[in-house]
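Encoded as structure tokens, the structure appears first; notes follow it.
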Amino acid sequence: MADNEPAAPPNWRIPKACQECRQRKIKCSGDNPCKTCQLRRTPCIYREVIRQRRKRNHGLGDTSHPTGDRLGLDGPPRPESMQPQAHREERPLSFNNSVSATHMTSPSNKVQLYYGSTSHFALMHEIYRDLTAHQTGQNDHGPHGRVEEAGAGLDMLSFRTIFFGIPAHPHKDSARGPNGADPHIMFLSYDLARRFLDAFLSTLYGLLPIWPAEQFARRLGQIYGSQPPPRTDKHQCILIMALALGSLITEENHAWGDVLYEQVKVSCSAFDDTVNIQTNEVGRPNACFLHLGTAARKAISAGLHKESPHDSGETWEITEERRRTFWYLYIYENWICFHLGRPSSLSRRNVGIPTPEDPFCQALIFLSDAICRSADELYGRHHESLLQMWRIAKSIWDDLRTFDSKMQRALGFGLDKRPQPGGVGVQQTMCITLYYHTILLTFRPFLIFRGRWNQETKTGQDSDKDSTKREIPPWLNEACGYALSAACRTIHFLCESYTANELVRGIRYHGFFLSSSCAAVIFDLMHGKDLAPSHLPWAHATLRALTGMKQSDAVEASILAIQTILKQLNPAYEWIPQTEPSKSPTTQSPAPAITRPPYTVPTSRELSNVPAAPNSALNTTTLPAPAQSQPLLYDFQGNPLEQSMDMPPTTGGTGSGEDLLDFTLSDMGWDFDFSTMDLETFFSVSPAFDAPAV
């Protein structure tokens, strides 16, 4: 009879729960092994003696009871007894914090800057902490939910100039020409100005189509005509900024960018409080966040986010210019804020105008919407578990699936097209780098989470929990694979683009995408086991590509930072540039797409004997000379790099199943879970700074 009795209803209480369920604070089925331990493949251990719990109201009125002593009846209760979790020492969290640093330009001038968790500086600080902990044998990750001081890491990795936007030669007066000439556009020869304008129209014009291309040429001819305008107006300011951006594409004349920019700053001082279309079309990479914030507020003040009244008398060209101005500002604002980890000033729900008819602009708006969703839903909300974040990330990926069709409509080809020459190749690079970087930042939290998990396993912080050794869920490895695959595809595409398109190689901002992708690969290399054969080629490919770029302060700092990290991990990991057998000129015409040296990466098999980073002390094992570089055709998941990324859809796939192994912070022994903490809280700014934040 006993064997035929039905099982107990699920709402019945069982005598005791296993240790695994008790630690995770979840309901145990009472079986041996229970359902949770079967799913997790962990030992199912029960207590030999059932703990006797005291009733909640027992002893509250007895002053002789120890509880009364703990509550302190003759005084106020102690904080540690009333709020044990608020003051308990926390274990390392899984996500990187925000970072800030202070720079003293003078004894009376103290500047402090903040960058959020999605910024490149936050991940570089994670790498710096792991490097210093690796050397000292300590794993102090500091308090979480606060901004971490990153000054020491900036100095070690030589990133201070990029962090604060410090010029490499501050003693030079950028308000004067290279020869000390008076800052006026007329001292710039027409041939050089025309060269700058052609460089701008061939590259960055795709992101700043303020006027038709022929209008730029016509206004340049008016300035250098027989009767130039007596003063610099807002139209000339836009033209001069186009020349400044074009000068940055050149290698020998990029110093003109600062000179022309300073002239625009002086000329535009009269328009500081002017609100119209033209005054919103000025930008500067070094201070783009501050300028974009000002431009966004001016655009809202001018009502560019709403349609003009029907009786305003505006022509179709003016209406389309208003829309282009606002939407490209929307693209830049959300793009830069997401990359810097700062909140955006523009929201899509406040926009009441249609998108422009330009399909390229529509494709970039689509990416900006995905960026906003990732920043809001993934980084800006409460999450009960990591599995919930995984479902959100996969949902964002589902939205990004249609980007290939939008790119085909805009450029005539999709994501799997080889790098193209000319201006269309520049637009192709813009789309692909933004696309893969959005995927990288969406899945990067899972990569950092797994790194922290592996770090605890390696350092033996869970030695007292050997009986409940946990395995990494397959979906977590899958999420990390998507982040690494996006990083690999960014590096691979830019390496090929630098040989196929000279214009792409001249845009120095691509170094940001290279260094960010390389940092993700290096972070995984640091926390994995024997990953040098598969990961180190990508770091070396990044260094080769950065070295082949037209140099600037940011590019040189990125090269130095990556080399420093590799040498700190293992001296044998340092990349040594290989001397080229011949130095044939390549500036006359772009190299064919089929020729790949020196920007290719070696295959994993060629570096199979690379020594792995040791767990204790660094050794000086010499890295063998690599063979002739060959293209690496696959990412870490074995997917061909010539094809776009693929992922099963969320609907009906692994992302929506109820049988997936969930994961909360309590699984690692942490005293709180995602229901009480969210990522924005982890990465928020400290409410009290010693210096005003900029």
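The values are calculated or read from the model by the stated rules, or taken from the named source; none is laboratory data. What you see is a predicted model, and the numbers here were worked out from it, not measured in a lab. With ideal geometry, Cβ positions are generated from the backbone for all residues, glycine too; neighbour counts draw on all protein chains shown.
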Practice item. With the condition kept exactly as written, say whether any residue in the range 532-549 is in a loop (DSSP other than H, G, I, E, B), closer than 30 Å to residue 196 by Cα and at pLDDT below 90. Key: yes
Review point. Hey, any hits in the range 348-370 for a residue that's hydroxyl-bearing (Ser, Thr, Tyr) and either touching a strand residue (DSSP E or B) at 6+ places or on another chain (Cβ under 7 Å) or without any contact (Cβ under 8 Å) to a residue 40 or more places away in the chain (or both)?
Key: yes
Revision key, fill the gap. The condition from (1) more than 21 Å from residue 130 (Cα to Cα); (2) touching a Cys at 6+ places or on another chain (Cβ under 8 Å) that residue 552 misses is numbered (2)
Check your understanding: Considering only residues of the range 332-348 that are in a helix (DSSP H, G or I), surrounded by 21 or more Cβ atoms within 10 Å (Cβ to Cβ) and not charged (D, E, K, R), which is farthest from the chain's Cα centre (by Cα)?
Key -> 332
Review point. Somewhere in the range 410-422, is a residue buried (at least 23 other Cβ atoms within 10 Å of the Cβ), among the polar types (S, T, N, Q), under 18 Å from residue 504 (Cα atoms) and outside the structural domain of residue 126 (by TED's automatic domain parsing)?
Key: no
Exercise for review: Using the structure shown, decide if residue 416 is part of a helix (DSSP H, G or I), of a type in the set (Asp, Glu) and under 20 Å from residue 490 (Cα atoms).
Suggested key: no
Review point. Has the range 186-206 got at least one residue that is modelled with pLDDT under 75 and either more than 33 Å from the chain's Cα centre (by Cα) or surrounded by fewer than 17 Cβ atoms within 10 Å (Cβ to Cβ) (or both)?
Key: yes
Study note, to complete from the structure: (1) more than 29 Å from residue 429 (Cβ to Cβ); (2) at pLDDT 85 or above; (3) of a type in the set (Gly, Ala, Ser); (4) over 24 Å from the mean Cα position of the chain (by Cα) all hold for residue 451 apart from (4)
